[in-house]
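Inspection log for the structure reproduced underneath, given as structure tokens.
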Amino acid sequence: MALGFLLTSHNSAANTTALTPHMAEYEVYYGSIELGRARYILEAPEGNLFKYRFDSDIGLLMLSDKRHIRSEFSLEENNHLVPMRYSVERTGTGPSFREQAAFAKAQNVVHSRYKDERAKFPYDTELFDPLMVQLQFRLDMEANKDALHYSMVKEGEIDDYDFKIVGKERVNIDSGSYQTVKFEVVRDSKKRQTFFWMAPDLSYLPIRLSHFEKGSKQLDIKLLNYRFEATTPTEQALNNEAAPKLESDNLESNKQG
């Protein structure tokens, strides 16, 4: 952690929401082998423009995979997020590729480009991009919504995802002990199972994700550290007021362990 960040308890996140500017860093494992790290950063909004980013750098032996994902979106009433632009850049072992999507609400169309393939889809207010939909999911959980169905533009197609709540569970990992809600991705077959755990006390920040293939754990992602900014930007965004940049002297930080 950079100098100037204050170590605080989980109670520091009591007044946050999923749209409070924050950073979360994760360790990525294949079985018990550490592959690398991934980081999410939600910047303070510029008026009603939010920017969310994901960066990962993982590798095993001679294999490597680096990804940089960016999402820009706005906030409407009832905590509904509206995607604007989305981009992915992947480099490493094997073919590199880029993906882009532009949500043109005024033209009632969504433009998509995955690798060298272009596509167009009708604009829909319930259509998200794969990155910012995670924040929409967290907002919906904070609002106690029952329907956990989401459609998103992904790799040149529209994919539909359904989730179900498995129950409450305490998760103990190296970074700390967290009271969580456990979710499962709904699939027709049990050959592939994905579970993830989110902490309600941290505005449903993801704590852990585990993916299984034919009953064997293939991927395990665990929260390493996180920090929240001291103020919540939601009302500022709705009022179209510019919020301060994500700077160390404006942040509360939290690193467990």
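The values are calculated or read from the model by the stated rules, or taken from the named source; none is laboratory data. Since we're looking at a predicted model, the values are computed, not measured. Neighbour counts run over all protein chains shown; Cβ positions are idealised from the backbone, glycine included. Just the protein is used for accessible areas: all its heavy atoms, side chains included, with ligands, DNA and RNA removed. Shrake-Rupley method; radii C 1.70, N 1.55, O 1.52, S 1.80 Å.
Counting only heavy atoms of protein chains, what accessible area per residue, in Å², does segment 1-152 have with a probe of 1.4 Å? Value returned for segment 1-152: 53 Å² of accessible area per residue. Pairs spanning more than 31 Å between alpha-carbon atoms, out of LYS115/LYS182; LYS120/LYS214; LYS51/LYS217; LYS66/LYS190: LYS115/LYS182; LYS120/LYS214; LYS51/LYS217. Modelled label positions at HIS111 and GLU34, each set 7 Å beyond Cα in the direction of Cβ, lie 4.3 nm from each other.
Take the Cβ atoms of ARG85 and ASP160, set R0 to 30 Å, and the FRET efficiency comes out at 0.85. Taking 0.36 nm per residue of separation and subtracting the current Cα-Cα distance, fully stretching the chain between LEU148 and LEU60 would add 28.2 nm. Positive end of the dipole of segment 1-142 (Cβ unit charges, origin at the Cα centre): among ASN79, LEU131, PHE97, the Cα lying farthest that way belongs to PHE97. Based on Cα contacts under 8 Å between residues 6+ apart, segment 83-172 shows a relative contact order of 19 percent. Applying 0.36 nm per residue to the separation of GLU169 and GLU76 and subtracting their alpha-carbon distance, the gain on full extension is 30.2 nm. Once backbone amide H atoms are built at 1.01 Å from N, VAL166 has LYS182, PHE183, GLU184 as its partners under 5 Å, excluding neighbours fewer than 5 places away on the same chain.
Overall, the anisotropy analysis places segment 98-173 in the prolate class: the square-rooted eigenvalues a ≥ b ≥ c of its C-alpha gyration tensor yield a/c not less than 1.5, with a/b exceeding b/c.
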